[in-house]
Amino acid sequence: MNNSKNVVDVDYIKDLVLREGLSREVADILSNCMSKDLFERRPPFGYFSFLCGLVRHEKLYRILEIGTGMCCSILSMYRGIRENERPRSEVVTVDIVTKNSRLFKPFPDVKRIEGDALASNIIKEVKRSFARDVDIIFIDAEHTYGYVKRCISVYANTLRPKYLVLDDIHFNSGMERLWREIETEFNGRTQELTKALGRGSCGIGLIEWDRKHRPNWEHSGFFQWQSERLLVALKNLIKKSSSIQ
């Protein structure tokens, strides 16, 4: 079942990125984050440019990213904020490890939080980092059904963004299942951007969360996430036992 519609006009955002020179700013970020081979093979208008253009077009100043990775996404979104608006922006990225610290030095307004996004102390720190509801949440972490669903429950349902972006919605069967469920629930307020942004087999999806608290998401993903963690722990225990023998 696919209820996706054009929540945003990708062609307009693409024109905006080119018209305002944002493509050069994104290219500057990517050239520092990526290997030369990956940089040269990137699509002319990919999802980094889209994220930058979306932030600029929709005037999104309060940004949360779950899963910093190589930092291309969060810095692309930050570049989308106009310079005169950056002092009042709130931009936070969370990851279990810290990479590319040198690339963040020119961007002191971007707050980095190291730790598991679902750890209670990290959840509290993230929520304290925002004075009000966020504008956009971008999730690109762990890529399991339970973990991502729990992140949505914990963050989107309390920080009530205008938009929620999920990366890698076709990464595995669990992510595809989650995207199908979201398409069904958010009938008419989802947009798959995979082809438009050249995401190939990985996929990327946009949800118009519409700044609402959704009671049915209050505890979503908790048991699935706990089950995934227990399964990983069990596999590690079996592997350790096998190596000892």
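Worth a mention:
- Any hit, the stretch 116-124, residues being crowded, with 21+ Cβ neighbours inside 10 Å, free of Cβ contacts under 8 Å to residues at least 60 places away in the same chain and closer than 30 Å to Asp11 by Cβ: no
- For Leu38, the conditions (1) modelled with pLDDT under 85; (2) assigned to a helix (DSSP H, G or I); (3) touching a helix residue (DSSP H, G or I) at 6+ places or on another chain (Cβ under 7 Å); (4) not aromatic (Phe, Trp, Tyr) all hold with the exception of (3).
- Arg150 being part of a loop (DSSP other than H, G, I, E, B), buried (at least 18 other Cβ atoms within 10 Å of the Cβ), touching a helix residue (DSSP H, G or I) at 6+ places or on another chain (Cβ under 8 Å) and of a type in the set (Lys, Arg): no
- Residue satisfying all of: in the stretch 119-157; charged (D, E, K, R) and in contact with a strand residue (DSSP E or B) (Cβ under 8 Å, 6 or more places away or on another chain); nearest to Tyr61 (Cα to Cα) among these: Asp135
- Residues (free of Cβ contacts under 8 Å to residues at least 60 places away in the same chain and assigned to a helix (DSSP H, G or I)) located in the stretch 182-200: Ile182, Glu185
- Verdict on Glu20 being modelled with pLDDT of 90 or more, closer than 29 Å to Val154 by Cα and of a type in the set (D, E, K, R): no
- Candidate set from the stretch 86-98 (those that are of a type in the set (D, E, K, R) and surrounded by 14 or more Cβ atoms within 10 Å (Cβ to Cβ)); member that is farthest from His213 (Cα to Cα): Arg86
- The test for being modelled with pLDDT under 95, more than 22 Å from Tyr61 (Cβ to Cβ) and of a type in the set (D, E, K, R) does not hold for Glu83.
- Trp179 meets the conditions (1) more than 19 Å from Arg62 (Cβ to Cβ); (2) in contact with a helix residue (DSSP H, G or I) (Cβ under 9 Å, 6 or more places away or on another chain); (3) assigned to a helix (DSSP H, G or I); (4) among the hydrophobic types (A, V, I, L, M, F, W, C) in every case but one. The failed one is (2).
- Cβ-Cβ under 6 Å pairs, at least 6 apart or on other chains, the stretch 214-241 side touching a residue at least 12 places away in the same chain (Cβ under 8 Å) and among the hydroxyl-bearing types (Ser, Thr, Tyr), far side surrounded by 10 or more Cβ atoms within 10 Å (Cβ to Cβ) and in a helix (DSSP H, G or I): Ser220/Lys149; Ser220/Ser153
- Those residues of the stretch 88-145 which are touching a Phe, Trp or Tyr at 6+ places or on another chain (Cβ under 9 Å), closer than 27 Å to Gly203 by Cβ and assigned to a helix (DSSP H, G or I), in sequence order: Ile123, Val126, Tyr145
The values are calculated or read from the model by the stated rules, or taken from the named source; none is laboratory data. These figures come from a predicted structure and were not determined experimentally. No Cβ is skipped: glycine too gets one built from the backbone with ideal geometry, and neighbour counts run over all protein chains shown.
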